[in-house]
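Notes follow once the structure below has been shown.
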Amino acid sequence: MAYALQQLINGLTLGSMYGLIAIGYTMVYGIIGMINFAHGDIFMVSAFIAVTAFTLLAAADVSSIPLALTFVLIVSIFFTSAYGWAVERIAYRPLRGSTRLAPLISAIGMSIFLQNTVQLTQGARVKPIPPVIEGGFEVWSTPDFTVQVGWSQLLIIVITVIMMFAFTWLITQTPFGRQQRSCEQDRTMASLLGINVDRTISFTFMLGASLAAVAGVMVTVYYGVIDFYIGFLAGIKAFTAAVLGGIGSLPGAMLGGLLIGLIESFWSAYLWAEYKDVATFAILCLVLMLRPSGLLGRPEVEKV
Amino acid sequence: MSTVVFARHQVTATERFRDAGWVAFVALILGIPLIGLTTVDGGGALEVETRFGVLAIFVVVSFVGRLGLRWLIDTMGARKLERLRDDSNKSAGISPVKVVNILGWIALGASIALPIMYSDNRYVVDTATTVLIYVMLGWGLNVVVGLAGLLDLGYVAFYAVGAYSYALLSTQYGWGFWEALPVSGGLAATFGILLGYPILRLRGDYLAIVTLGFGEIIRIILVNWTEFSNGPNGISSIPRPSLFGLDFTRSPAEGEQTFASFFGIEYSPMHRLIFLYYLILVLALLTHAFVSRLRKLPIGRAWEALREDEIACQAMGMNTTNIKLSAFAIGAMLGGFAGMFFAARQGFISPESFTFTESAIILAIVVLGGMGSQMGVVLAATLLVLIPEFGRNFSEYRMLLFGAAMVLIMVWKPSGLLSHREPTLRLSRGGAAINDAVKEAAQ
């Protein structure tokens, strides 16, 4: 029982990160209907930015953890959203309105490009940083097993909850959110009503990238080691999460992320750890067979 | 009454410079975290290193590059307008379909002649064989994506099934290449149906992610199920194919003859390479003939109809389940053949060769070539194999170039290099005559 609780906590931590990345996928899909394959690599870039920022802070002898975290988050969000913007501008905007597959291929190319850029400029070796947040507290202690929650885990869950609230507010209450949702429903109509569609799409990409940046900082804090290849698997998992929750649905993305995180940690704990990715995909197939539009997705209405 | 006026806003130098300045500014922001700063291992802990010189060069290059690109785009655009203004009525000369046909024959002649011309150049023959493997894979995937319009991101799974089935059959049970060929293809097709069946209801991007997942599942199983596939170490010493029982070895086995001794020529390791090249050429041409024939059969028509409109297909009483499954099965079978050839050619396979990147490259070949265009696949496969080869001298930049080329080609030609999409079926003259008759009757 205690062991299961520990897995629950680990799964939630992992799931929060997947969920944050998944939101980027789902938003982009909702607004321009394409799979942004480079999103996982944007997340990877943000993790590298975070490592550089943490190292800079260490060199400057900043010892206050909250200060350091805030600084790293801001820096990472700023640069990563610039990357999100640039990727959209270079690789996707010229292809808007062409076939559905063209932006997908361009995105795959962008993903390969980003991975290799980082490999070339930052080196192919793994980057370890000293633990930023250490320790934790015991929740429950039984004779066989002690359930521990690391401060970093708590931090990740708390930040994810805060981000979710902020994000929901942004989408439902602000003018930008209204524009974003209107573009999602009907881009032509939105542009007729005086909404700058190009700018809204750019903002969407930047927003998705900033959430990925938060996830990137968290991964750096949580695992303390990154390499240029982490974007691929994280991206695929997050996209799976987005599809699982129903692509285009924001709460669905978070739900899907948490589910994938939980499945992964429980599967690795009780069954075979090496087949945890198989489990993720198998469950995805199962869900899609039973509910083809995901858990919270709206079924597509087809008009003839 | 309206007239079209071709006019173009004249771009001033200030505007150009401002534009390039913006690009340089963005380049600076993007460059700071990745180019300007880097972390290096400084004895235990990471240390930050600055490379502002490289960053400055990057920014300047972006500025100049943007100026040049803008100028190029504007001049090209102006010239295009000029042409439009001049000849709105002139006919285009030879039709593009004919050009592509002629190109196809030239390519065929060149590919037959190539090993003769380069019979002592191992590198050229090897690279050409790789190109042909990708051409074959592209043609196989073209059935699924280009004709049936089903987006498959896990095509490499069938490639892996073909490769592993030959590797296991030959090393464990002593099967030869030719006996194993139908079995590998059949196994791959079975996997295609197995994958296809549960996901028939899915469409578009859901299908994409499930096929991607399937590809990864196969790879993970190959890595982890060590007793079956020897895990990440892969399977080595896979027997090479023989020509009607003639091996391509230096000395013949007991009571058998080698290729060299049978024809009474001196042994050369090039014989085998050239044989492999012709083998894949024949396989690829058979694939081409097979797919072109299929396109003219009812099933091929059904695929294209499905691609254009699934609901209309259902309304016409077509069995979409069978149509989709047959596309998956045939695509998978062709992938399996290619995989089998790959295993026989390399003599060694491991899960490393069947990653998602491989699927992405094959899909890129189909899409870059122009969906459904057979010649386009050849062109795109040649380009995508040769671009990294040219980059071999500065090998770290190979994949970087590859990714950039994918983006640039797509942005430049969004519908593919040869995107001439002709309806395979059109109204015959008889149909037109009926049309005229109807019109006359109406008057």
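For this structure, a couple of remarks:
- Cβ-derived FRET efficiency at R0 60 Å, residue B:228 paired with residue B:72, nearest 0.05: 0.65
- Only Lys, Arg (+1) and Asp, Glu (-1) charged, at Cβ; segment B:13-86 dipole about Cα centre in debye: 520 debye
- A crude spin-label estimate for the pair residue A:192 and residue B:387, with each label 7 Å from Cα along the Cβ direction, gives 4.0 nm.
- Accessible area per residue in Å² at 1.4 Å probe, computed on segment B:37-87: 69 Å²
- Each chain gives up part of its surface: A and B jointly bury about 5400 Å² of accessible area, both sides summed, for a 1.4 Å probe.
- Here the Karplus relation 6.51 cos²θ - 1.76 cosθ + 1.60, evaluated at θ = phi - 60°, turns the backbone of segment A:163-177 into coupling constants of 4, 5, 5, 4, 5, 4, 4, 4, 7, 8, 10, 9, x, 4, x Hz, with x for every Gly and Pro.
- Here the Gaussian network model covers chain A, with springs between Cα atoms less than 10 Å apart; of A:239, A:113, A:79, A:113 fluctuates the most.
- Burial of 50 Å² or greater, segment B:399-420 residues [accessible area, probe 1.4 Å, versus chain by itself]: B:400, B:406, B:407, B:410, B:411, B:414
- Contact order relative to length of segment B:96-412, as percent, for alpha carbon pairs under 8 angstrom and 6 or more apart: 35 percent
- Lysine pair count for the protein assembly as shown [Cα-Cα under 26 Å; pairs on different chains or 8 or more apart]: 12
- Shape category assigned to segment B:13-86 from the gyration tensor of Cα positions, a/c cut at 1.5: prolate
- Solvent-accessible area of residue A:61 with every protein chain in place, 1.4 Å probe, in Å² to the nearest 10: 130 Å²
- Cα-based convex hull, segment A:2-290, per residue volume (Å³, whole number): 142 Å³
- Between the residues A:130, A:140, A:82, the greatest Cα displacement towards the positive end of the dipole of segment A:75-142, with unit charges on the Cβ of Lys, Arg, Asp and Glu, is found for A:82.
- nm² value of the averaged projected area, convex hull over the Cα atoms of the protein assembly as shown: 41.6 nm²
- To put it simply, the accessible area of segment B:13-86 at a 1.4 Å probe is 69 percent carbon and sulfur.
- Take the Cβ atoms of residue A:199 and residue B:14, set R0 to 22 Å, and the FRET efficiency comes out at 0.40.
- Other residues within the sphere of radius under 15 Å centred on the Cβ of residue B:408, judged by their own Cβ, net out at +4 (K and R +1, D and E -1).
- Residues in chain A average 42 Å² of solvent-accessible surface per residue, probe 1.4 Å, ligands and nucleic acids excluded.
The values are calculated or read from the model by the stated rules, or taken from the named source; none is laboratory data. In this text, all values refer to a predicted model and were calculated from it rather than measured experimentally. Neighbour counts are summed over all protein chains in view; Cβ atoms, including those assigned to glycine, are modelled from backbone coordinates with ideal geometry. The area values use the complete protein model at the heavy-atom level, side chains included, leaving out ligands, DNA and RNA. Shrake-Rupley method; radii C 1.70, N 1.55, O 1.52, S 1.80 Å.
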